[in-house]
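Asker: I have a structure I would like to understand better, so I am pasting it below and will then ask my questions one at a time.
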């Protein structure tokens with residue numbers, strides 16, 4: 001895929017004059033765009049039914065179905081398509097009418113290439129801003145701090161050096177590490193240090209996507225492609241056009257989607273569900289997983305060719321227990337992020353708090369640390385965080401009425417599967433049924449949690 005961030009547009013050009021069509025057939029691709037040429041309104045409507053376009057350049061006066069009819073159908077079938085009207089000199093009334101109907105702009109015939117290029121550039125910039133807005137809306141609930149990686153221990157210094165080396169390139173990156181080690185933060189850092197920093201960064205949790213909608217979420221769909229597809233939709237890959245696509249929990253994709261992802265990575269082409277024609281997008285792909293993909297390849301669960309394609313460059317993140325000297329500055333950074341401050345003073349953490357944080361094993365890594373500090377910051381009202389403000393799992397103190405979780409507390413002998421489901425249900429109750437938080441605390445993918453609950457429900461019905 002190209003390293004350029006120039007956005008290629010999919011253009012429908014409709015004109016009954018053969019000479020103009022021939023010029024546009026040659027010149028629009030030279031500008032870097034994909035073009036479908038139609039000689040009349042009927043052909044244009046057929047193209048609109050089969051494909052999705054960013055722009056339609058339509059001649060108003062054509063025999064048979066007029067340009068007005070085509071524009072009306074575009075507004076109904078593909079409202080996201082920008083319309084440019086092509087009309088003769090002296091027909092300003094028609095141009096004004098078209099603009100009132102929602103056309104983006106108009107060109108006088110014969111259209112000049114420099115004028116076309118200028119209008120298309122403005123539309124491309126508008127599309128890019130729209131995609132960036134969609135990407136930002138994805139992350140509204142997340143507190144966006146700096147992407148700077150915190151920590152100066154030798155393991156983190158190695159990670160920082162690798163990130164600085166790989167970021168300026170367009171190579172695919174595979175980030176490995178336990179759940180909660182900060183793989184998305186590393187992906188964002190790669191994006192922020194790249195030439196794509198001003199373009200969208202789109203994060204996709206492959207494990208949280210519903211199985212029957214994975215392809216639609218990633219590649220998009222046309223209207224009517226399946227039940228419920230009432231409007232055309234951009235896929236997240238297309239939203240990331242010009243920027244970086246971060247595929248987290250890559251190992252959760254099934255074999256069918258692995259094939260389709262591999263095809264995209266090799267060709268840079270996207271085909272929306274329900275469409276026959278593919279189009280190019282310019283995306284840098286960064287993947288992450290907490291699973292050992294090479295072991296999955298050996299077990300036949302992950303395609304070897306996809307593994308080699310995403311593993312151009314590998315970054316392995318150390319667990320938090322292997323870089324405990326990083327915990328104090330990381331903890332202050334996380335408290336500052338929660339309080340929405342740039343920095344906090346060193347005494348925001350009491351000495352006994354720092355010691356407890358250093359002693360804890362942090363099986364959930366940075367994510368567990370962040371949750372513990374959010375809990376503590378709320379109890380401390382943004383003042384100095386003391387040991388009693390930390391969750392009991394970290395401080396070692398039991399809350400009133402709280403019993404420690406022990407297998408021996410179970411009222412009867414239980415199988416390992418029954419113990420697993422008991423732990424899941426207790427964690428669900430702790431989070432008032434919030435499944436994403438439950439999966440996060442248990443260190444499993446949301447998809448895995450749903451699968452276990454469905455299996456348990458099916459087993460209960462059968463029993």
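The values are calculated or read from the model by the stated rules, or taken from the named source; none is laboratory data. Nothing here was measured: the structure is a model prediction, and the numbers come from that model. FYI the Cβ positions are ideal-geometry reconstructions off the backbone, even for glycines, and counts take in every protein chain you see.
Asker: Do the conditions hold for residue 330, that is, is it more than 23 Å from residue 192 (Cα to Cα) and buried (at least 21 other Cβ atoms within 10 Å of the Cβ)?
Answerer: No.
Asker: Within 31 Å of the chain's Cα centre (by Cα) and crowded, with 22+ Cβ neighbours inside 10 Å, is that true of residue 54?
Answerer: For residue 54, the condition - within 31 Å of the chain's Cα centre (by Cα) and crowded, with 22+ Cβ neighbours inside 10 Å - is met.
Asker: Of everything in segment 99-112 that's outside any loop (DSSP other than H, G, I, E, B) and within 36 Å of the chain's Cα centre (by Cα), which residue is surrounded by the most Cβ atoms within 10 Å (Cβ to Cβ)?
Answerer: Selected residue: 106.
Asker: Just the residues that are touching a helix residue (DSSP H, G or I) at 6+ places or on another chain (Cβ under 7 Å), more than 17 Å from residue 254 (Cα to Cα) and modelled with pLDDT under 80, please, taken from segment 441-463.
Answerer: The one that is touching a helix residue (DSSP H, G or I) at 6+ places or on another chain (Cβ under 7 Å), more than 17 Å from residue 254 (Cα to Cα) and modelled with pLDDT under 80: 456.
Asker: Give the residues of segment 319-368 that are over 18 Å from residue 396 (Cβ atoms) and in a loop (DSSP other than H, G, I, E, B), sorted by residue number.
Answerer: 319, 323, 340, 341, 342, 343, 344, 345
Asker: Given the criterion surrounded by fewer than 19 Cβ atoms within 10 Å (Cβ to Cβ) and in contact (Cβ under 8 Å) with a residue 24 or more places away in the chain, identify the matching residue among 88, 67, 41.
Answerer: None of the others qualify; the one that does is 88.
Asker: For residues that are closer than 21 Å to residue 439 by Cα and either part of a loop (DSSP other than H, G, I, E, B) or touching a helix residue (DSSP H, G or I) at 6+ places or on another chain (Cβ under 7 Å) (or both), tally how many sit in segment 151-204.
Answerer: Qualifying residue count, segment 151-204: 9.
Asker: Whether any residue in segment 186-200 is at pLDDT below 95 and closer than 19 Å to residue 446 by Cα is what I want to check.
Answerer: No, every residue in segment 186-200 fails to be at pLDDT below 95 and closer than 19 Å to residue 446 by Cα.
Rundown of residues vs (1) closer than 26 Å to residue 54 by Cβ; (2) in the same structural domain as residue 199 (by TED's automatic domain parsing); (3) in a loop (DSSP other than H, G, I, E, B), yes/no style:
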{"residue": "251", "(1), (2), (3)": "no, yes, no"}
{"residue": "256", "(1), (2), (3)": "no, yes, no"}
{"residue": "259", "(1), (2), (3)": "no, yes, no"}
{"residue": "264", "(1), (2), (3)": "yes, yes, no"}
{"residue": "276", "(1), (2), (3)": "yes, yes, yes"}
{"residue": "288", "(1), (2), (3)": "no, yes, no"}
{"residue": "297", "(1), (2), (3)": "no, yes, no"}
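Asker: Answer with yes or no whether residue 214 is in a helix (DSSP H, G or I) and at pLDDT 95 or above.
Answerer: When the stated conditions are applied, residue 214 does not pass them.
Asker: Here's a follow-up. Which residues, taken from segment 121-174, are surrounded by 15 or more Cβ atoms within 10 Å (Cβ to Cβ), modelled with pLDDT under 75 and over 26 Å from residue 371 (Cβ atoms)?
Answerer: Result: 132, 134.
Asker: Quick check on residue 56: is it touching a strand residue (DSSP E or B) at 6+ places or on another chain (Cβ under 8 Å) and more than 20 Å from residue 108 (Cβ to Cβ)?
Answerer: Criteria not met by residue 56.
Asker: Tell me which residues, restricted to segment 237-264, are touching a residue at least 60 places away in the same chain (Cβ under 8 Å) and either surrounded by fewer than 16 Cβ atoms within 10 Å (Cβ to Cβ) or farther than 30 Å from residue 439 by Cα (or both).
Answerer: Answer for segment 237-264, where residues must be touching a residue at least 60 places away in the same chain (Cβ under 8 Å) and either surrounded by fewer than 16 Cβ atoms within 10 Å (Cβ to Cβ) or farther than 30 Å from residue 439 by Cα (or both): 241, 242.
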